[in-house]
Amino acid sequence: MGYYLAGFDVVGVDTKPQREYPFPFIRREALSVLRDDETLAEFDAIHASPPCQGESSLRHITRKKYVDYLSPTLELLDDLLDIPWVVENVETTVKMPGSITLCGTHFRLGASGRVLRRHRRFKASFPLPATGRCWCDGQPTGGVYGNLTSSPLMRGYKFGPDEARQAMGIDWMSRQGLAQAIPPDYTRWVGEQLMARFWPGVPSRDHHHDRYSSGRIERFARL
């Protein structure tokens, strides 16, 4: 949704059907698309969000072995010469040097008197502006993960389903979808950087979504 609001026509790619996905969708393995020059020629930019389980600190708790999708994704993206790209993953990854970190506090996101703590790293084929530190420390925070059952955890407060939808700015997803998603504000801001650099004349679509047309979302005024 964020890239759409920034002005892009969005097409999704995944191996599994995505009932909640609001845009055209290709059911295909993402790495195979990155290897397919004919398919890539149909697109102006690429955003990749490889599965993050192998990069998450929770892997030390589950002790499961996960396939590393991030490394081959980065290698394939680095080989692209004519298409700008962005890749996103969890803050605990060590495979994205030079990336920036976005947090819900950068966009005043939150619910029930708590700010959204959801750190995600973004790396691009072009320079992204430095975002500065987030403001999680010293404030009541909430997270979105697991089954979204509201309860105090060792990691902090976990938003329930309705709180999570409000905090993330996503009102069309199930609990499972919310737990895996990132706020549209993040990709909207990244999309704005893409547009400003490569297609400065393309207008945004802020008026297409009530949440954004309300003017409640603040840009990075404090960064």
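No value in this document is a laboratory result; all are computed from the given coordinates. Note that this is a predicted model, so its numbers are computed, not measured. Neighbour counts are summed over all protein chains in view; Cβ atoms, including those assigned to glycine, are modelled from backbone coordinates with ideal geometry.
For the reader, a short list of remarks on this structure follows.
- Assuming charge only on the beta carbon of Lys and Arg (+1) and of Asp and Glu (-1), the dipole of region 2-213 about its Cα centre is about 1160 debye to the nearest 20.
- Rg [Å, one decimal], Dmax [Å, integer] - region 2-213, C-alpha atoms: 17.1, 50
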